[in-house]
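Readers should treat all values here as calculations from the given coordinates under stated rules, not as data from a laboratory. None of the values given here were measured: they were computed from a predicted structure. No Cβ is skipped: glycine too gets one built from the backbone with ideal geometry, and neighbour counts run over all protein chains shown.
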Amino acid sequence: MTLLGQPPPSVVRPHLAFRDLVAESVTSLLARPGRSLLTILGTVLGIGAIVATLGLSKTAGNQIVTRFDALAATSVTVTQRNEFGWFGPSQQTVNLIPWDAEDRIKRLNGVLAAGIKSNVSADGQLTRSVPINDPLAQTEFAINLVAVSPGLFDIAQAELRSGRFFDEGHSLRADPVAVIGRSAAQRLNLDRVDHQPAIFVGDVTLIVIGIIEEVAREPSLLDAVVIPNGTARKLFDLNGIDEVQIRTEIGAAQLIGSQAATALYPNEPNRLRVAVPPDPRAVKGAVEEDVNALFLVLGGVSLLIGAIGIANVTLVSVLERVGEIGLRRSVGAARRHIAAQFLVESAAMGFIGGIVGASGGVLVVVAVSATRTWTPVLDPWIPLGAPALGIVVGLLAGLYPALKASRLEPVEALRAGL
Amino acid sequence: MPDPVVLLDRVSRTFAGTTPVHALRHVDFRLEAGEYVSVVGPSGSGKSTLLHVLGLLDEPTDGLYFLDGINVALINDAERTGLRGDRIGFVFQDFHLLRHRTVTENVLTALLYNRFPRRERHGAAVEALERVGLGHRMDQTTDKLSGGERQRVAIARAIVSRPSLLLADEPTGNLDTATSESVLEVFDDLRSDGLTLVVVTHDETVSAHAARHVRMVDGFLSETTSGRGTR
Ligand SMILES: Nc1ncnc2c1ncn2[C@@H]1O[C@H](COP(=O)(O)OP(=O)(O)OP(=O)(O)O)[C@@H](O)[C@H]1O
Ligand SMILES: [Mg+2]
């Protein structure tokens with residue numbers, strides 16, 4: 001021995017194998033399973049809420065896309081903007097939409113069908129049919145007169161009960177023909193067209209060549225007298241087109257919407273109003289965002305509560321286990337080993353909370369989807385990320401108690417705790 | 001000549017405060033390997049403080065302490081902790097066992113922090129428990145043990161890492177006479193195996209088992225028998 005007392009190299013530094021650390025922590029937790037489970041409840045709820053939120057919003061968003069009305073999603077409508085003059089709104093001062101609108105639009109890539117439609121003002125004239133069977137029955141009706149291009153029947157997906165549609169030839173020749181909707185036909189007491197019945201709009205005679213039984217869109221056609229554009233221009237002085245209707249391929253609506261105005265009125269395309277369906281992707285994103293923002297806040301709050309719960313219980317457990325801490329120090333545990341044990345214990349609780357919470361959240365998504373017959377959709381990183389989030393929560397929650405535990409002086413700890 | 005296990009050179013321990021407490025005053029103390037020493041003295045005389053200093057749980061405010069020839073003031077906190085886990089065993093009056101854990105697990109905690117070879121741990125725990133006569137109780141949780149059995153588990157834990165110094169603070173303080181005797185027999189047995197023992201006690205019969213007796217009064221240490229260095 002030297003009085004200077006050089007420390008010989010035989011001094012062992014304290015050491016704790018990671019395996020032993022985990023085993024000690026897990027055994028401690030398992031020694032009081034009831035308390036450990038109660039402790040993780042907050043984390044379970046928090047992570048469960050977050051997983052369920054992300055899963056449900058994803059599932060619902062997906063649903064919106066698949067269920068989005070395929071017809072509406074492929075429809076584009078072009079109308080003329082109302083022009084406001086000095087003396088208030090005046091309609092149709094100039095006709096901006098050309099008469100060959102249907103052809104112009106059909107040239108665009110992605111257009112499946114196009115048609116034009118205008119309301120014809122017949123100056124309040126009534127429509128009647130011959131013969132007049134019952135002199136007392138009403139024989140004259142105010143029935144809408146509508147001029148369309150043949151393509152509009154396509155757009156409306158009109159089905160005939162009897163007869164045929166008119167075509168481009170009728171329009172070019174301005175033939176006095178009409179197709180009438182089934183309600184109009186009922187009122188006019190017409191059932192069949194094989195004998196070429198005539199109807200009278202004011203003093204104009206029209207031959208009915210077809211009766212529409214059903215339409216998928218444009219239900220107003222069912223109670224209207226529908227005539228070719230050319231006929232309307234010649235016999236009823238139609239001088240402008242109200243609207244152009246376009247059906248596009250799926251997914252092309254946005255693109256066609258951006259091209260239609262230029263195709264119709266290249267000089268000043270923005271004098272036309274183009275209505276396109278909302279972008280389904282945008283709708284989906286918006287829904288996900290709405291749902292997410294609300295519920296993620298809720299999930300975050302419950303997770304915070306969960307973390308506080310773990311922190312609280314770990315802190316209480318530090319206080320309860322002061323004696324154990326003193327004992328471990330006395331058998332050679334360094335401060336960092338004490339801290340590590342409490343950290344691993346709280347992280348393990350967070351981890352278990354994450355797993356249980358994620359499972360619960362997934363169950364909720366599946367259950368809700370089942371009741372709505374939706375397809376549950378979940379990002380794969382969510383079930384993996386949830387336990388990791390739990391560990392982070394547990395570590396954060398355990399930080400302060402672990403520090404507190406490691407700062408205890410061994411003598412004090414041994415004296416205080418039993 | 002080998003280093004003494006303990007050499008205290010004018011060690012003092014003063015607790016600062018409004019009225020500072022001199023728990024140890026200029027204590028000189030030399031302890032050779034294999035000695036069995038009892039420490040007696042009135043309450044508050046500094047016996048526990050002496051044991052804490054010897055066990056590296058507390059540090060002298062003055063003087064030098066050599067443990068196995070190592071000046072413990074020259075090594076850092078972590079190294080002192082390592083030395084404690086490696087060379088010192090503690091036995092406390094109130095046992096300090098982990099509840100809800102088995103007897104064997106309690107003994108094994110003393111092997112976690114000192115690089116004791118993993119493969120030899122279980123064997124060492126069994127051996128230590130057989131040593132204290134608890135070979136049949138190894139898988140019992142400690143809540144179910146009697147006081148004497150608990151203290152013997154604590155002793156097994158204190159000796160399992162084969163320390164050079166065993167420190168016991170009132171080891172029989174919570175035990176009746178009969179169970180005290182079983183604990184003292186274990187100490188006698190350990191001493192005959194060459195373990196160095198320091199036992200703090202109030203009890204004359206406990207003290208009588210030791211070969212050497214020191215007395216603490218008001219922080220001063222004095223020998224009461226001239227048995228210094230004897231076996
Ligand atoms: N952390 C401390 N702070 C201040 N004073 C202390 C502290 N620890 C011990 N003391 C004081 O030091 C003196 C010696 O205490 P110690 O515990 O060593 O006595 P003891 O001989 O073990 O007594 P007992 O027989 O009652 O256990 C006492 O006066 C005690 O109040
Ligand atoms: Mg004491």
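Numerical summary
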quantity	calculated
Peptide A:31-40, shielding by other chains (average Cβ, 10 Å cutoff)	1
Cα-projected label distance for A:Gln186 with A:Phe200, points at 7 Å along beta-carbon direction, nm	2.6 nm
Karplus (6.51, -1.76, 1.60) ³J(HN,Hα), θ = phi - 60°, over the range A:338-349, in Hz, Gly and Pro reported as x	5, 4, 4, 5, 5, 5, 5, 4, 6, 5, 5, 5
Fraction of beta bridges assigned by DSSP in the range B:6-223 that are antiparallel (%, nearest 5)	55 percent
Projected-area mean, the range A:97-267, by convex hull of Cα positions, square nanometres	10.1 nm²
Share antiparallel - DSSP beta bridges, the range A:97-267, percent rounded to 5	70 percent
Inter-centroid distance (Cα atoms) of the range A:336-378 relative to the range B:160-200, Å	50 Å
Amide H contacts of A:Ala113 (H built 1.01 Å from N, under 5 Å, at least 5 apart or other chain)	A:Arg247
Gain upon complete extension [A:Leu319, A:Arg415; 0.36 nm per residue less C-alpha separation]	33.3 nm
Total formal charge among the other residues, if their Cβ is under 13 angstrom from that of B:Arg10, Lys/Arg +1 and Asp/Glu -1	0
Length-normalised contact order for chain A - Cα pairs under 8 Å, 6+ apart - percent	28 percent
Directionally averaged projected area (convex hull, Cα atoms, the protein assembly as shown), nm²	51.2 nm²
Whole-Hz couplings from phi, Karplus 6.51/-1.76/1.60, listed for the range A:22-39; x for Gly and Pro	5, 4, 4, 5, 5, 4, 4, 5, 6, 5, 10, x, x, 5, 4, 5, 4, 4
Computed helical MRE - 222 nm, the protein assembly as shown, DSSP H runs ≥ 4 contributing -39500 (n - 2.57), nearest 500	-14500 deg cm²/dmol
Shielding by partners - mean other protein chain Cβ count within 10 Å, residues of B:59-68	1
Descending principal axes extents, the range A:194-276, alpha-carbon based, whole Å	46, 29, 17
Peptide B:85-95, shielding by other chains (average Cβ, 10 Å cutoff)	4
Karplus 3J(HN,Hα) series, Hz, for the range B:19-36 with 6.51 cos²θ - 1.76 cosθ + 1.60 (x for Gly, Pro)	10, x, 9, 8, 6, 10, 10, 6, 7, 9, 7, 10, 10, 8, 4, x, 6, 10
Extension gain (nm, one decimal) between A:Asp100 and A:Asp237, 0.36 nm per residue minus Cα-Cα	47.6 nm
Debye log10 I(q)/I(0) for the range B:6-223, one point scatterer per Cα, at q = 0.08, 0.12, 0.18 Å⁻¹	-0.27, -0.62, -1.33
Mean-position separation - Cα centroids, the range B:51-129 and the range A:187-238, in angstrom	105 Å
Cα-projected label distance for A:Asp154 with B:His136, points at 7 Å along beta-carbon direction, nm	10.1 nm
